[in-house]
Amino acid sequence: MYTHWKRFTLILLSVLLLLTSCSTAAPADAEVPAEVGESAEQQEMQIGIMTMGLVQPYFVELSRGYKDMAAEYPGVNVQVLEVDPKEDVTAQVAAIENWTQMGIDAFIITAIDPPTLDEVILAARREGIKVIAHYNLLNSQDLHSGISTYGMGFTAGEMAAEWINNELGGSADVALLIWDKTEFDIDRTEGMRDALSTFSPGAEIVAEAAADTAELGLNAAETILQANPDVKVFVCYNDEGCLGALAAVESAGLASDDFGIFGVNASQEALSKIAEGTVYRGTASIDPYNHGRLEMEMAIRMVMNEFVPSSMEIVPVAVTEMNLDQFYTEE
């Protein structure tokens, strides 16, 4: 059932391997440069990084990927300038204005509210600063590095549908923990709904509530379970909401073989809950660490005037107990 997502993932990996080979392979008649660290002079550059906020584990991993690639990329000395806007778009505006005045070489940003950033982004690009937009599409950027947000929801919904068919005979009351602040958030919810209706038409969505943190997930799930005691499945916008739902289910004594929770992001805490055999059954991986590494590589190559695509997309992969060992190593 996950075949089509895996196929797209393999296509993406092939493209990334091609890009990597293009950046490292030299023509047979090319002059071989001196070894980095011996006599070759490293190119200096400044690259800014800014997520929506470093509270979410997803963005922490994304940031870690940025920094690790910057430190490891051969032949360059990258000064990484990180700003944590703490989910405040005015802080993002101020950071971009500051970077523009400094004359940095490039920055990677996850825009909180893209239209609010239009003017400062354009001003930065006029100064020759390269801009990579992570996730949310901007009005102007050099590279849009996207995630199939519909696919994220679809993958979570598809896992839930398969589990409902296999474990509950194809029929179940389902609750969705959603987030609806942007078009991308809404797309993710549509992906959940479409997968459930397509692959498990006997499943019925009986409740929805907004939750993108463990606290909100806990409160929302408690309310839903009180009003809908027959709910057996939660499908969530992200792992944080799901972890809250898991706490509510366990607290209510409802954790059993016929209960399932499915999320998005494949955070280490979510993966640990799957590994422990809880009712957290699956999550959609979008591998923020390696996504961050790839985006930093693209930023460095842009500054070095090497070819990069104008857009790329990371496709989510379903993670369950069946393939957990590929994504999680117990410490």
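Would you call residue 37 crowded, with 21+ Cβ neighbours inside 10 Å, small (Gly, Ala, Ser) and either closer than 18 Å to residue 103 by Cβ or at pLDDT below 95 (or both)? Give the derivation first.
Values: crowded, with 21+ Cβ neighbours inside 10 Å: no; small (Gly, Ala, Ser): yes; either closer than 18 Å to residue 103 by Cβ or at pLDDT below 95 (or both): yes.
No.
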Residue check for residue 127: in contact with a helix residue (DSSP H, G or I) (Cβ under 6 Å, 6 or more places away or on another chain), of a type outside the set (A, V, I, L, M) and surrounded by fewer than 20 Cβ atoms within 10 Å (Cβ to Cβ): yes
Any residue at all in segment 98-111 that's touching an Asp or Glu at 6+ places or on another chain (Cβ under 8 Å), crowded, with 19+ Cβ neighbours inside 10 Å, under 30 Å from residue 263 (Cβ atoms) and of a type in the set (Val, Ile, Thr)? yes
If you scan segment 171-184, which residues turn out to be under 22 Å from residue 62 (Cα atoms), part of a loop (DSSP other than H, G, I, E, B) and free of Cβ contacts under 8 Å to residues at least 40 places away in the same chain? 181
Applying the selection to segment 229-250, what residues are surrounded by fewer than 24 Cβ atoms within 10 Å (Cβ to Cβ) and part of a loop (DSSP other than H, G, I, E, B)? 229, 230
Checking residue 127 against (1) without any contact (Cβ under 8 Å) to a residue 12 or more places away in the chain; (2) more than 25 Å from the chain's Cα centre (by Cα), which single condition isn't satisfied? (1)
So, of the residues in segment 265-294 that are surrounded by fewer than 23 Cβ atoms within 10 Å (Cβ to Cβ) and closer than 24 Å to residue 146 by Cβ, which turns out to be farthest from the chain's Cα centre (by Cα)? 271
Within segment 133-146, can you find the residues that are surrounded by fewer than 23 Cβ atoms within 10 Å (Cβ to Cβ) and of a type in the set (A, V, I, L, M, F, W, C)? 137, 138, 143
Which numbered condition residue 187 fails, given (1) surrounded by 18 or more Cβ atoms within 10 Å (Cβ to Cβ); (2) assigned to a helix (DSSP H, G or I); (3) free of Cβ contacts under 8 Å to residues at least 40 places away in the same chain; (4) not polar (S, T, N, Q): (1)
Checking the condition modelled with pLDDT under 90 and in contact with a Lys or Arg (Cβ under 9 Å, 6 or more places away or on another chain), which residue from 54, 19, 13 passes? 19
When only residues in segment 169-189 that are within 24 Å of residue 246 (Cβ to Cβ), among the charged types (D, E, K, R) and under 23 Å from the mean Cα position of the chain (by Cα) count, which is modelled with the highest pLDDT? 188
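Go through segment 205-228 and give me each residue that's acidic (Asp, Glu), surrounded by 16 or more Cβ atoms within 10 Å (Cβ to Cβ) and assigned to a helix (DSSP H, G or I). Working first, answer last.
Our first condition is that a residue be acidic (Asp, Glu); within segment 205-228, this holds for 208, 212, 215, 222.
So of that shortlist, the ones also surrounded by 16 or more Cβ atoms within 10 Å (Cβ to Cβ) come out as 208, 212, 222.
Residue satisfying the conditions is 222 alone.
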The strands (runs of 3 or more DSSP E) lying wholly within segment 261-328 that contain at least 3 residues that are touching a residue at least 60 places away in the same chain (Cβ under 8 Å) and farther than 30 Å from residue 130 by Cβ are 280-285
Quick check on segment 195-204: of everything there that is crowded, with 16+ Cβ neighbours inside 10 Å and part of a helix (DSSP H, G or I), which residue is nearest to the chain's Cα centre (by Cα)? 195
Within segment 251-264, does at least one residue satisfy the condition of being within 23 Å of residue 169 (Cβ to Cβ), crowded, with 22+ Cβ neighbours inside 10 Å, of a type in the set (Gly, Ala, Ser) and out of contact with any His (no Cβ under 8 Å at 6 or more places or on another chain)? yes
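The values are calculated or read from the model by the stated rules, or taken from the named source; none is laboratory data. Computed from a predicted structure; not experimentally measured. Backbone-built Cβ (ideal geometry, glycine too); neighbour counts: all protein chains shown.
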